[in-house]
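Everything below concerns the one structure shown next.
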Amino acid sequence: MSKIFKKYDNVEIEILSESKLDSKKQTGFIGFSGLDENVEKALENGKYEKDTREISFKTKGSELRIKVLKHIKTPKIYHFLFEKNQELANEFVKDQLNVQKLNSEIDSLKTQIIDKETEFKKQIVSLQEKAQLQINEHRKRNDEHINNQIKENKQYALQSFLEDLIQPLNNFEVAIKSAENIDNPIVQNFAKGFDMLYKQIENVLADAGVSKIEPKIGDTFDPNIHQVYEVFASDQPKDTILEVKNIGYKLHDRTIKPALIVVSK
């Protein structure tokens, strides 16, 4: 620092140039405020002419010439005020930077919160859609199961009744066939009448879904529709039907009375 101009001194200067119209005045405290950087360098390192109160200073290939219009020395006792002020200013700048940093972090956190909230909402919507799909599928399966049960209950509602009816019906059929073999016109006429009645009953049962299981000799035993009455040694392959003891009945696709048969060993 120049011996003449000290830090924190108050100065008023005029920048000199070839044209007075281009001159510019500055007022401020050295090292504190109000003066251009090159002016402060000139005050610190420039050549001072006491008589003219002019300073010349070479900077970046050109010469800066200034004239000191006013110079007031600041007592050292007041320097601490400038230093404290500068310290406070630096702290203020630092605080401002911290505030900007905090604001930036807050904005970043807000963005993260919005992104997470958006993602969370998407996940909720996705879970709701998946849950609704599962509910719909469950309802569909449940409705199908109930409908199938209702359909099955309707189809097989007569099963218990038909199981009780089949044996008397078989006996009725056997009686008719026996009567047809009797050489008596009156009995045969009755047999024909009962046969017509039997066929009507069969038609009613057929309309209700009842069908006969009528195995033939030579067919193979099927445990789903046949019941073995007796087993005989034979030259026929094993499980070949040798004799039909009694026909069976099905209600739709369910066997309610298997056909009674004799099979080979």
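Derivation of every value follows stated rules applied to the coordinates shown; laboratory data play no part. This one's a predicted model, so the numbers in the text were calculated from it and none came from an experiment. Glycine gets a Cβ as well: all are built from the backbone with ideal geometry, and neighbour counts include every protein chain shown.
Across the chain, the relative contact order, built from alpha-carbon pairs under 8 Å that are at least six residues apart, equals 11 percent.
Let me know the charge dipole size of the range 131-264 about its Cα centre in debye, to the nearest 20, where only the beta-carbon of Lys, Arg (+1) and Asp, Glu (-1) is charged.
Numbers: 15 positive and 20 negative charges, 91 e Å.
Its charge dipole is roughly 440 debye.
Under 4 °C and 1.567 mPa s, how fast does the range 105-149 diffuse according to Stokes-Einstein, given a Kirkwood radius computed over C-alpha pairs? Answer in µm²/s, whole number. Before the final figure, lay out each step's value.
On the way: Rh = 13.0 Å.
This corresponds to a translational diffusion coefficient of 100 µm²/s.
Across all directions, the average flat footprint of the convex hull enclosing the Cα atoms of the range 128-191 is 6.1 nm². Just so you know, the averaged projected area of the alpha carbon convex hull for the range 159-264 sits at 7.7 nm². Phi angles across the range 178-189 convert, under the Karplus curve 6.51 cos²θ - 1.76 cosθ + 1.60 with θ = phi - 60°, into 3J(HN,Hα) values of 5, 5, 5, 8, 7, 7, 8, x, 5, 4, 5, 5 Hz, Gly and Pro given as x. Structure note, pairs Lys199/Lys257; Lys94/Lys121; Lys3/Lys58: Cα-Cα distances above 30 angstrom occur for Lys94/Lys121. Taking amide H as placed 1.01 Å from N in the peptide plane, the amide H of Lys257 sits under 5 Å from that of Tyr249, each at least 5 places away or on another chain.
Helix-only mean residue ellipticity at 222 nm, the chain, DSSP H runs n ≥ 4 weighted -39,500 (n - 2.57), per residue, nearest 500. What is it? Working shown, then result.
Working: 4 runs with 131 residues, N = 265.
After summing the helix terms and dividing by residue count, I get -18000 deg cm²/dmol.
Give me the mean projected area, in nm² to one decimal, of the convex hull enclosing the Cα positions of the chain.
41.0 nm²
Computed 3J(HN,Hα) for the range 110-123, one whole-Hz value per residue from the Karplus formula 6.51 cos²θ - 1.76 cosθ + 1.60 where θ = phi - 60°, is 4, 4, 4, 5, 5, 4, 5, 5, 4, 5, 4, 4, 4, 5, glycine and proline marked x.
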